[in-house]
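Here's the structure, in structure tokens; my notes come after.
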């Protein structure tokens with residue numbers, strides 16, 4: 001499963017070749033809510049992961065730790081990412097905002113912290129909607145593990161184990177709710193389920209996540 005570092009690395013590859021600019025996302029402070037704490041912890045060099053960009057190697061030598069009523073999340077970042085707290089505001093910065101690598105990770109790091117503050121205080125949610133005659137979800141439990149089954153027009157029922165950090169529920173047979181503190185895990189599991197029966201473009205049958213919509217096509221008449 002893709003982890004947070006995959007997102008950080010992907011953001012590095014997507015920087016623009018235009019003149020350096022500050023990250024408008026990165027400069028926006030993150031507001032803490034009651035009961036949530038943000039801190040950093042250093043990682044011993046022998047346990048650090050690293051990545052190479054161009055001719056430079058960057059060490060992921062610190063964790064940004066977010067603790068809240070619903071749990072704790074950690075994110076690996078390089079030492080050039082700085083996190084400061086002023087009362088209920090968290091400010092993220094980097095050593096050199098004009099450096100492409102640092103700038104590309106600035107906004108991403110801030111976005112992850114923001115998501116983790118929400119996740120550890122309120123949680124994140126994804127809704128998988130089943131569209132089609134007879135389409136529905138099944139939910140059962142085996143040895144303490146939730147299992148989601150899909151009834152989507154096949155003679156068999158594909159099943160998916162719900163990760164231990166997530167919780168699934170069925171407010172109705174055609175609505176599957178996935179909840180958890182880690183936004184990435186929540187959305188990835190919803191996307192994995194959707195992958196089995198993507199919305200088809202002619203009748204619109206399939207699995208939809210959150211507010212997803214599609215443009216229907218007209219069948220060609222010969």
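Things to note:
- When 128, 101, 92, 133 are checked against the criterion of being within 30 Å of residue 27 (Cβ to Cβ) and either modelled with pLDDT of 95 or more or in a strand (DSSP E or B) (or both), a single residue qualifies: 92.
- Hits in segment 128-159 - residues which are buried (at least 16 other Cβ atoms within 10 Å of the Cβ) and touching a helix residue (DSSP H, G or I) at 6+ places or on another chain (Cβ under 8 Å): 128, 148, 150, 152
- Which numbered condition residue 87 misses (of (1) on the phi > 0 side of the Ramachandran plot; (2) modelled with pLDDT under 90; (3) under 22 Å from the mean Cα position of the chain (by Cα)): (3)
- Looking across segment 110-125, the residues that are closer than 29 Å to residue 198 by Cβ and part of a helix (DSSP H, G or I) come down to 111, 112, 115, 118, 119.
- Only one entry in 23, 18 is modelled with pLDDT under 90 and over 23 Å from the mean Cα position of the chain (by Cα), namely 18.
- Residue check, residue 203 part of a helix (DSSP H, G or I) and under 18 Å from residue 129 (Cβ atoms): no
- Those residues of segment 134-158 which are more than 28 Å from residue 70 (Cβ to Cβ) and without any contact (Cβ under 8 Å) to a residue 24 or more places away in the chain, in sequence order: 134, 151, 154, 155, 156, 157
- Going through (1) touching a helix residue (DSSP H, G or I) at 6+ places or on another chain (Cβ under 9 Å); (2) not assigned by TED's automatic domain parsing to the domain that holds residue 71 one by one, residue 192 falls short only on (1).
- Scope segment 27-59; condition touching a strand residue (DSSP E or B) at 6+ places or on another chain (Cβ under 6 Å), surrounded by 13 or more Cβ atoms within 10 Å (Cβ to Cβ) and modelled with pLDDT under 90; matching residues: 48, 51, 58, 59
- For segment 165-196, the set of residues classified as free of Cβ contacts under 8 Å to residues at least 60 places away in the same chain, in a loop (DSSP other than H, G, I, E, B) and surrounded by 19 or more Cβ atoms within 10 Å (Cβ to Cβ) consists of 166 only.
The values are calculated or read from the model by the stated rules, or taken from the named source; none is laboratory data. Note that the coordinates shown come from a computational prediction; the quantities given were computed from them, not determined experimentally. Cβ: placed from backbone, ideal geometry, glycine included. Neighbour counts: every protein chain shown.
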